[in-house]
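Please read the structure below before turning to the comments.
The values are calculated or read from the model by the stated rules, or taken from the named source; none is laboratory data. All values reported here derive from a predicted model rather than from experimental measurement. All Cβ positions, glycine included, derive from the backbone under ideal geometry; neighbour counts span all protein chains shown. Heads up: the accessible areas ignore ligands, DNA and RNA and are worked out on the full protein's heavy atoms, side chains in. Shrake-Rupley method; radii C 1.70, N 1.55, O 1.52, S 1.80 Å.
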2 protein chains.
Amino acid sequence: MRPFVHPAIEDVQPEAILHALSDPNRAAIFAKIMTAGCVEACSAVSALGDRVIPKSSLSTHFKVLREAGLIRSERHGVEMRNHSRWDEVEARFPGLLAAIINAYAAEAGAGPCRSGA
Amino acid sequence: MRPFVHPAIEDVQPEAILHALSDPNRAAIFAKIMTAGCVEACSAVSALGDRVIPKSSLSTHFKVLREAGLIRSERHGVEMRNHSRWDEVEARFPGLLAAIINAYAAEAGAGPCRSGA
DNA sequence: TTCGTTAGTTCCGAAGTTCCGAACTATGGG
DNA sequence: CCCATAGTTCGGAACTTCGGAACTAACGAA
C-alpha cells in the first residue's frame with residue numbers, strides 16, 4: 001500500500017478533471033465530498049442514490065479523483081479522509097468546478113420527465 | 001449513410017459533454033469550430049498541432065461531439081459543415097463551456113515546458 | 001452516362017480501459 | 001495473537017477507442 005499521490009496543482013490537467021467528472025458516480029462522490037463539509041470517509045459514499053458500488057470500484061473512483069487533482073486523501077487510522085481541493089483548482093481554472101457541479105444539479109432538477117412539475 | 005442525429009437540447013447530458021471534451025483532440029476541434037467562425041469542414045481540422053488524425057478517428061470525434069449536443073452538422077454537397085450549439089448549451093448549462101475552453105487555454109498558455117512561447 | 005476525385009462513413013481487429021469479485025494489506029481492539 | 005474493519009491490488013470479462021481498408025455520396029469532366 002503505497003502512500004497517496006497528489007499532483008501539484010500546476011500539474012493538474014483539464015482533461016483529467018473532465019474525465020474524472022464525466023462519470024456520474026464520481027461526480028456524485030465529488031459533490032458529496034464538498035456538500036458534506038469537505039471531509040468524508042470512503043465507506044460513507046458506498047451508496048449513491050439507490051445504487052451500491054463495490055469497494056474495489058470505489059477505491060478506483062477515489063484514485064481517479066485524487067490523481068485528477070480534485071481531492072486530497074489522508075489516512076487516519078484505518079480510515080481515509082478526503083477533502084476537496086476546490087480552492088486550488090478554482091485558482092487555476094476559475095469557474096470550472098462550479099459550472100460542472102451546477103450542470104449536474106441542473107440536469108437532476110430540470111429534467112423534462114419530472115412527474116410532478 | 002444515415003442522416004445526422006442531433007439530440008434535443010433538453011436531452012443533452014452533462015456527462016456526455018464532459019466526456020466529449022475530456023479528449024484533448026475533441027476539445028481542440030470544438031475550440032477551433034468556435035474560433036473559426038462556427039463553421040468548419042471536417043478536413044480543415046485534420047491536423048491539430050503537429051499531429052495528423054486519421055479520417056476514421058476524425059469522423060468518430062465529430063460524431064461524439066454531435067451526439068453530446070455540442071455541435072450541429074449539415075452536409076453541404078460533398079462537405080460537412082459544423083457549427084457549435086454554444087447558445088443552446090449555454091442556456092441549459094450556464095458557464096460550462098466557457099469554463100472548459102478557458103481551462104484548456106489556461107493550461108496551454110501557462111505550461112512550464114513551452115519551448116517557443 | 002461513366003469515370004475519377006474528393007469528403008466522409010462504416011467495418012472490424014488490435015489495443016486499451018473499466019468494472020467488480022476475490023484475495024490481500026494495514027490498523028486497531030480484545 | 002486473532003479478529004474485525006477499511007481500503008488496495010489482482011485478474012479476467014465486458015466495454016470502448018483507435019486506425020487501416022473498403023465503402024458510399026456528391027460533384028465535375030469527358
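Odds and ends about this structure:
- Residue-averaged 222 nm ellipticity for chain A, from DSSP H runs of 4+ at -39500 (n - 2.57), nearest 500: -14000 deg cm²/dmol
- Mean Kyte hydropathy of 1.0 or more with a Cα span along the axis of at least 15 Å, helices from DSSP in chain A: A:96-110
- Total accessible surface hidden between A and B, rounded to 100 Å², 1.4 Å probe: 1700
- Taking a quarter of the surface of the Cα convex hull of chain A gives a mean projected area of 8.2 nm².
- Accessible surface, the protein assembly as shown, averaged per residue in Å² (probe 1.4 Å): 54
- Residue A:5 versus residue A:105: modelled label distance in nm, points set 7 Å from Cα along the beta carbon direction: 3.4
- Exposure of residue A:51 as accessible area (Å², to 10), given a probe of 1.4 Å and all protein chains: 140
- Surface composition of chain A: carbon plus sulfur atoms hold 55% of the accessible area, using a 1.4 angstrom probe and ignoring ligands, DNA and RNA.
- Since only A:16, A:57, B:27 are under comparison, the one whose Cα sits farthest along the positive direction of the charge dipole of the protein assembly as shown, derived from C-beta charges on Lys, Arg, Asp and Glu, is A:57.
- Highest-MSF residue in chain A out of A:77, A:69, A:49 [GNM, Cα springs under 10 Å]: A:77
- Here residue B:98 and residue A:52 are evaluated by their C-beta separation; at R0 = 45 Å the FRET efficiency comes out at 0.80.
- Remark: label point of residue B:13 defined 7 Å out from Cα along the Cα-Cβ vector; separations to the same position in other copies 2.5 nm, ascending.
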